[in-house]
2 protein chains.
Amino acid sequence: MSPEQPSEPTGKSLFSLQRRERLMEELRAHGAITVRDIAAKLGVSELTIRRDVNILADEGLASRVHGGATLPSPLDRSAAGRAAQHSYSIGMVVPSLDYYWPQVISGARAEAEEQNLRILVRGSAYDAADNRRQVQALLDTQNIDGLIVAPDMGGDHGPELIRWLNALPIPVVLAERRAPAEIPAHRLEWVATDHAFGAGMAVRHLWQEGHRRIGCLTDSSSPTSPHVVRGWHQALAALKIPLEGSVHEDSAQQGPASHGNGGRASHFDHVLELCTKTGTTAMLVHSDTQAVAFVQHCVDRGLSVPGDMAIVGYDDEVAYLAEPAISAVRPPKQYVGKVAVQLMAARLAEGRMRPVHRIELNPDLILRESSIGAPRIPAAGVLQDSL
Amino acid sequence: MSPEQPSEPTGKSLFSLQRRERLMEELRAHGAITVRDIAAKLGVSELTIRRDVNILADEGLASRVHGGATLPSPLDRSAAGRAAQHSYSIGMVVPSLDYYWPQVISGARAEAEEQNLRILVRGSAYDAADNRRQVQALLDTQNIDGLIVAPDMGGDHGPELIRWLNALPIPVVLAERRAPAEIPAHRLEWVATDHAFGAGMAVRHLWQEGHRRIGCLTDSSSPTSPHVVRGWHQALAALKIPLEGSVHEDSAQQGPASHGNGGRASHFDHVLELCTKTGTTAMLVHSDTQAVAFVQHCVDRGLSVPGDMAIVGYDDEVAYLAEPAISAVRPPKQYVGKVAVQLMAARLAEGRMRPVHRIELNPDLILRESSIGAPRIPAAGVLQDSL
DNA sequence: TCTAAAACGATCGTATTCGAACATGAGGCA
DNA sequence: TGCCTCATGTTCGAATACGATCGTTTTAGA
């Protein structure tokens, strides 16, 4: 990648530290150097280079060989006991400090401790401009070696923000976000929960419980929502449930502020009406907070859960608090943080030779009362492979 | 990923340490080496290789045999009292032992050594039934704690095989394969190269070089091919190149056996004709073997490469051998094996609580002569973010 | 079992590289 | 200014890497 610097023997002499830095550069670029070439290229004596090589070898940064040096090799038996890795600082910018993200941060911190890294967390708004401000602040004031961030991808500034992150001089790992394929963000790595898979798992579970009409209630103001809907669609298709006639409602379109709780109640009534009309007996509800409210609403309206309406919540923050307790898809939040830090640590250790990793983690389905034990159709091995 | 070309007898001489590393690489890839072959490949005397083999054998990294060396075998009684028994054994079933997969195996073996695991490799045919036979053989005769496999996903038996793998009592990691979303293989993990991304990278590069009509020549008999085509489609869409009028030919449909080389030549002529008709000045050619043949064909027909026809190969096994040398997308084969073993090791260590990981690795684009320096349109910063 | 071919390794020779000892020169500090 | 320290260069004997030769050992095939 680095366009070969035309050798500069005439240039002013480098300090020894710069020279060694230069050696490491050549090493990383070519895997090996010869004393003779480097001495000629830098315009110093071979002995000097040899001394440098010795120093680098002592620090474990290179392996000495007759005639030059190579990148440290496991075959180098003079390998000094490792450790003494100098520690890095990682910045982390997340869109919320009290919902969802605390567990991600906790997982990241645990792994960071293991890897002997320092993590600096900053909260941000769900907004590209503020994301950028917060990242910039970290870059300016702290000495960050890497960045873990969950940026806002929507709006006009989303793509621009992605490009900007991709062009940062330090490695960047997205958490719970993916760069869209049409933006060639070839340096960005990410770790994200496969929400579509989670939604599909929920739908298949409901199918196994005997439900043949499975609706979906989402909140499009959340970045997770589109993936849940996609998974719901895919699962319906795989189970051959026609999309038309399947209830799909979005509570964010109801104008959250304007109606207050009254608005929500009337929306829920609207949803229940649609369910009755279409024969829908089970719902996947995004954000378990909303699922709790929906279960409450069903009970208030005299519907039995899961008898008349089976419910699975997407996300598992408060689902267990409802009465009855709600089955829920639980994203592996701790692991999202943990794997993000692992990615970053590996990237910092291995440098550019390491290929870009993009990781999806599958969520778990936690079964509770709201979805089991009230089958419409005996589910006797109809779909043995579904779950 | 070794920066050296797979084999380049003409290359500058390696240091002894690098040579030994090469030996280990070949050993891990093929299980055994002969002194003669390696000496020829590296351009040193056989005696030197023997000395290297002795050193490796002394360190317990290889077993000496008459004529060459093998991976350390328990039958080798010269083994100095090895400590640290292998904690787990991992079976690995790959569809080829001489194309593409040796490097994957090499990466896997290297990581396994690090993690103190044992790997048992079996070759298989590109065929679901044989995949299953080989896996079954491993399960029956060896004591396998985990399985890394690259199954054939096509045909009638593909889905069935996936379900069967998903239901195995040991953890399974797919290499270079993904289970389709409609099969709920909720336990399968995988690591695969994002070939679509690689193809997109190639197309963007050609666009940056000034080409405005970019065709695609694939071989649908390879499991990689659909992903390459998908990436080509996506990139065309992102660059607003209309799909109709873009050359897309498949060499597998030509009946490989029936025509022989004559058939291939006439197919290439057909492709070139289409290119002329559509104004296509650049081609992405899947399998670099085919790319080499195609370049040769272009030169034979009096076309200058890259002057009249720019070419990027997909895959980088032999691309550097062509004249002119071919730019190629290089999948991170070593890392595919390495990461597969990492996944397996983590799974075996952490058990079921660990969420299912699904990892994509991005390939590299290696620029050589066949695609650079002959722009049709000055590419003055038209697309600053494209690559 | 025997035999020819191949592989092996001990020994030596040569080209190259290494590093200890000493020399030089550029700053830093009293 | 003089002295000290550190980085670097020069010289030269020692060490190393590698190849050639050739007698010995192993292997494969009849």
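Past 30 Å, Cα to Cα: identify those pairs from A:LYS338/B:LYS338; A:LYS240/B:LYS333; B:LYS41/B:LYS333; A:LYS333/B:LYS338, in the order given. Where the Cα-Cα span goes over 30 Å, the pairs concerned are A:LYS240/B:LYS333. Summary of packing: across the peptides B:344-356, A:169-181, the per-residue average of other C-beta atoms within 10 Å ranks them, highest first, as A:169-181, B:344-356.
Each of B:VAL312, A:VAL318, A:VAL341 was scored by other Cβ atoms within 10 Å of its Cβ. Arranged with the fewest first, they read A:VAL318, A:VAL341, B:VAL312.
With a 10 Å cut-off around each Cβ of A:68-75, the average count of Cβ atoms from other chains is 5. Enclosing the Cα atoms of the range A:195-326 in their convex hull gives a volume equal to 97 cubic angstrom per residue. Of A:PRO242, A:PRO306, A:PRO332, the residue with the greatest mean-square motion in the GNM of chain A, using alpha carbon springs below 10 Å, is A:PRO242. Along its principal axes, the range A:72-228 has C-alpha extents of 67, 39, 32 angstrom, given from the largest down. Across identical copies of the chain, A:GLY373 has label-point separations of 7.6 nm, listed in ascending order, with the point defined 7 angstrom from Cα along Cα→Cβ. Entry note, chain A: the mean residue ellipticity at 222 nm calculated from DSSP H runs of n ≥ 4, each adding -39500 (n - 2.57), is -13000 deg cm²/dmol after division by the residues and rounding to the nearest 500. Between this copy and the others, label points of B:LEU47 are 3.3 nm apart in ascending order, each placed 7 angstrom from Cα in the Cβ direction. Sorted shortest first, the separations between the A:PRO242 label point and its copies elsewhere in the assembly read 3.7 nm; each point sits 7 Å from Cα along the Cα-to-Cβ line.
Helices in chain A that qualify as membrane-span-like (whole DSSP H runs, Cα extent of at least 27 Å along the helix axis, mean Kyte-Doolittle hydropathy of -1.0 or higher) are A:256-278.
Residues B:HIS205, B:HIS233 in ascending order of nearby Cβ atoms (within 10 Å, fewest first): B:HIS233, B:HIS205.
Over the range A:96-167, the fraction of Cα-Cα pairs per 5 Å bin, rounded to whole percents and listed from the shortest bin up, is 3, 14, 25, 22, 21, 11, 3, 0. Each of A:GLU189, A:GLU369 was scored by other Cβ atoms within 10 Å of its Cβ. Listed from fewest to most, they are A:GLU369, A:GLU189. For chain B, the equivalent ellipsoid derived from the alpha-carbon gyration tensor has semi-axes of 39, 27, 19 Å in decreasing order. Within chain B, DSSP assigns beta bridges of which about 20% are antiparallel (rounded to the nearest 5).
The mean number of Cβ atoms from other chains found within 10 Å of a Cβ in peptide A:100-106 is 0, as a whole number. Per residue of A:178-191, other chain Cβ atoms within 10 Å of the residue Cβ number 3 on average. This model, with +1 at the C-beta of Lys and Arg and -1 at the C-beta of Asp and Glu, gives chain B a dipole about its Cα centre of some 660 debye. Over the protein assembly as shown, the fraction of Cα-Cα pairs per 20 Å bin, rounded to whole percents and listed from the shortest bin up, is 14, 44, 34, 8, 0.
Read-outs throughout are calculated quantities, based only on the coordinates presented, and are distinct from any laboratory measurement. This one's a predicted model, so the numbers in the text were calculated from it and none came from an experiment. Note that each Cβ is placed from the backbone with ideal geometry, even for glycine, and that neighbours are counted across all protein chains shown.
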